[in-house]
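The values are calculated or read from the model by the stated rules, or taken from the named source; none is laboratory data. All values reported here derive from a predicted model rather than from experimental measurement. Quick reminder, even Gly has a Cβ in these numbers, built from the backbone with ideal geometry, and neighbours come from all protein chains shown. Side chains included, ligands, DNA and RNA excluded: accessible areas come from the protein's heavy atoms. Shrake-Rupley method; radii C 1.70, N 1.55, O 1.52, S 1.80 Å.
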Amino acid sequence: MCHQTVSLVARYLEENGIPTVVMATARDIVERAAVPRLLHVDFPLGAPCGTPWNEPQQKAILEQAFR
């Protein structure tokens, strides 16, 4: 999904009382959209939760986002 679209949807949800956390690989795009909470992950586009099939890594990233 497009980083800008996700960011705009997150801002809309936040404005309507629904908390969000955006997990993104393209930090510059998401920061420009001014989302309230961002977890930047340094993985290739399309893999914001880490390496495919690496469940321990993915779990750690999700836990970080929840914190």
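Quick notes on this one:
- Percent carbon-and-sulfur accessible area, the chain, ignoring ligands, DNA and RNA, probe 1.4 Å: 58 percent
- Eigen-decomposition of the gyration tensor built on the alpha-carbon atoms of region 24-67 gives equivalent ellipsoid semi-axes of 20, 13, 5 angstrom, largest listed first.
- In this structure the chain gives 73 Å² per residue of accessible area when probed at 1.4 Å with all protein chains present.
- If you look at the Cα atoms of region 1-46, you get an Rg and a Dmax of 9.9, 31 Å.
- Charge tally around His3: other residues with Cβ under 15 Å, Lys/Arg +1 each, Asp/Glu -1 each, net +1.
- The amide H of Leu38, built 1.01 Å from its N in the peptide plane, has Val22 as neighbours under 5 Å, considering only residues 5 or more places off or on other chains.
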